[in-house]
1. Under a Cβ-only charge scheme (Lys and Arg +1, Asp and Glu -1), can you give me the dipole magnitude of chain C about the Cα centre, in debye to the nearest 20?
2. Run the simple label-point estimate for C:ILE206 and C:ASP48 please: 7 Å along Cα→C-beta, distance reported in nm.
3. Over all directions, how big on average is the projection of the convex hull of the alpha-carbon atoms in the range D:42-199, in square nanometres?
4. For the range A:1-133, what Kirkwood radius comes out of the mean inverse Cα-Cα distance, in Å?
5. Between the label point of D:ASP39 and that of the same position in each other copy, find the distances and list them shortest first in nm, with every label point placed 7 Å from Cα along the Cα-to-C-beta direction.
6. For chain D, what's the relative contact order in percent, using C-alpha pairs closer than 8 Å and at least 6 residues apart?
7. Mind pulling the per residue volume of the convex hull built on the Cα atoms of the protein assembly as shown? Å³ is fine.
8. Rounded to the nearest 0.05, what FRET efficiency do C:ARG144 and A:VAL127 give with R0 = 41 Å and r taken as the Cβ-Cβ distance? Could you check?
There are 4 protein chains.
Amino acid sequence: MSTSYNEIAGRSLERIGALSDGVFAIAMTLIVLEIRVPDLAGIQTDGDLWAALLRLAPRFVTYFLSFLTLGIFWNGQQTQLHSFGRANRHLAWIHLAFLAAVALMPFSTSFLAEFIGFRVALLAYWVNLALLGVILYASWVYARRAGLVRDDIGHEVDAAIKRRIVSYQIAYLAAAALAFLPSFGGVPPTYVSIGLVVLTQLNSAIAPRIPFISRF
Amino acid sequence: MSTSYNEIAGRSLERIGALSDGVFAIAMTLIVLEIRVPDLAGIQTDGDLWAALLRLAPRFVTYFLSFLTLGIFWNGQQTQLHSFGRANRHLAWIHLAFLAAVALMPFSTSFLAEFIGFRVALLAYWVNLALLGVILYASWVYARRAGLVRDDIGHEVDAAIKRRIVSYQIAYLAAAALAFLPSFGGVPPTYVSIGLVVLTQLNSAIAPRIPFISRF
Amino acid sequence: MSTSYNEIAGRSLERIGALSDGVFAIAMTLIVLEIRVPDLAGIQTDGDLWAALLRLAPRFVTYFLSFLTLGIFWNGQQTQLHSFGRANRHLAWIHLAFLAAVALMPFSTSFLAEFIGFRVALLAYWVNLALLGVILYASWVYARRAGLVRDDIGHEVDAAIKRRIVSYQIAYLAAAALAFLPSFGGVPPTYVSIGLVVLTQLNSAIAPRIPFISRF
Amino acid sequence: MSTSYNEIAGRSLERIGALSDGVFAIAMTLIVLEIRVPDLAGIQTDGDLWAALLRLAPRFVTYFLSFLTLGIFWNGQQTQLHSFGRANRHLAWIHLAFLAAVALMPFSTSFLAEFIGFRVALLAYWVNLALLGVILYASWVYARRAGLVRDDIGHEVDAAIKRRIVSYQIAYLAAAALAFLPSFGGVPPTYVSIGLVVLTQLNSAIAPRIPFISRF
């Protein structure tokens, strides 16, 4: 009866949370490593150094974007973990899959920073965002079905969690689609996409009380 | 009486768990760093970038493989820690040895990705898998003998944990042995080995209800 | 009512603390990676190696400085977290912003070490210090206003926390301003600034009982 | 009264433990990164790859040595933390200083691996070991004097903790001193030193019941 092993494995919600905090903390810190200190050679004055710092701007933008993204999904995951009464081995593996997608963020971020004008880089970044959303949605649906959600979590919370994930995934999809429009007034379309994703993430982080938007 | 020191050291199960979560989280995130962003030079179109991304495929395969492996052994270790009532300094050192093998995974993964067609690289990866299994098995046997396992953990769980480790180690050994068969239809034998290990790990992660296989 | 999502998200003080410990731990360890082992080529005797080690001195100084800085802000943040009775999603995001500034420290440190005689590098480091202080101050003010601070935390603690942040930020500002004075006796002005920041941080770490200074 | 800030800061033993687990976990994992995967160029057969793997042997030795060292000091610190009833800001800073020395281990390890035949590299490694021991000793002495140690911790434990640190530091000092003897039978003296440190660490880890040695 190998189910016996599967029954005893993966029960600890606390350790899923602890492992997740570790992976998020490392991913959040590693994305900074892509902002490389300029090379000493050729820099002689404060003006040169200032110019070199400005050339790092795309790296700072993608760092900011990915930190927001990681913060949003950290919040999303911990809201779920907080709502679960217990775990099982399937839930543990769903969250391991989620962490695998979290761990990919430094790569996606760096890939986007290096190729910021390329649609393939933006698509790869969007695939990562979509993976995070899909797995988090699956986690919630599975946990409800398997009876792992605490009894005091009502239908409103259930609906709020689902609506949140779906509406943001629609926004990401729309932003990614924009990159395939023709260039508008000389601005590369991937820049428009990135701008829209940043605005979406900022809306999630700051949660302004804008009548229509704050309903999602 | 220096035994006095050894008696007071290493008693905290929680800190063994916390250190382990940290090492696993870092190992899981570092294996992504081996997927290096392609060099900007020579990439001019989205087609070039897509081709460069495809050339990274072996890296994604070994990343996926090692994430599964780390997830399996994280589950295996936490199942044990969950079953222990208390720790002692010997158990702490057994788990430190286990973590030393976990920390080697990024090296083994990168080594395999770089030399995916070489038997030596596959053997090195297998040695790492075997080390993880042997130490985890030793941890359980030692903890039983030293009376560290909780009283409510019965013989069924004991048998399930042992059977699990042994049957998977046999599968890894068989997969590694396949690499020494002659090439079959032009497919390098190390690819067959890696495929078998991936299938074994997927079976562990997904735990499908296949009549015969799910008994292990 | 998406406020429903925002109401349930970000309530766990423990997970904010755990994520923060992770980010601080990684930032503290990554700043060491900037102290690169000298190149084997050209080093033949112990004397050569000793000379190469001495040339790394600026890296050790900035490592020491940044470790002190991270320790100070880790203490500052955990003092606040210890004083909070509960969290909400806004507080979680304030602390995520704080962690984003913490995660930038390895970059700022490395940037300062590489360009230790440049005012731009010192300014960048100061901006990072200022960000950390401003966000930590905002965290406290917000938590007081939103009623998240424990009831047993009196006005004295409130005043102490604010005074601490403000007085240190004034010291950092003064130190940064010194870098814009003309060179004094051949010593580059940025060195004077760095020396003053190190002294400020040491005062915070060692907390000597100096009559006037220990009042802040 | 800025003592007010110092009185409220740094009280949480749990967060010192959590930060320490994080720093140790990262240091343990980073030392592996110094074992670099051989370069693909020039490797054509399994024999070539095996030879390249063997050339990495010094890296594996220093990895093993540093993992043992980190394990020993992790145990030493957690034994102390386990014995404390509460913390204060001075104790927090002593442990931050300890962590600064822990975070230096990846540098010392890499420095020793790269310059394994040089006395300066061995001395640098020894300085790191000595720093760890001195700070851990200071932590215990300070905690006793400040009344932070739990009441149920008797004089035997006190004596055992002190004797442990002192006797190992004497062994490290003796091992480092050996490196300054003339070469013996063609074996570089630093190799003899490293061998002795490894044996000392193994004795600590395995804790064999050897009549004389196990008294320390």
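1. Computed about the Cα centre, the dipole is about 620 debye.
2. Between C:ILE206 and C:ASP48, the label points sit 3.9 nm apart.
3. Quarter of the Cα hull surface area: 11.8 nm².
4. 16.9 Å
5. Sorted ascending, the copy-to-copy spacings read 1.3, 1.3, 1.8 nm.
6. Rounded, it is 24 percent for chain D.
7. Spread over its residues, the Cα hull of the protein assembly as shown gives 197 Å³ apiece.
8. 0.45
We did not get these values from a lab; they are worked out from the coordinates using the rules stated. These numbers were taken from a predicted model, which means no experiment stands behind them. FYI the Cβ positions are ideal-geometry reconstructions off the backbone, even for glycines, and counts take in every protein chain you see.
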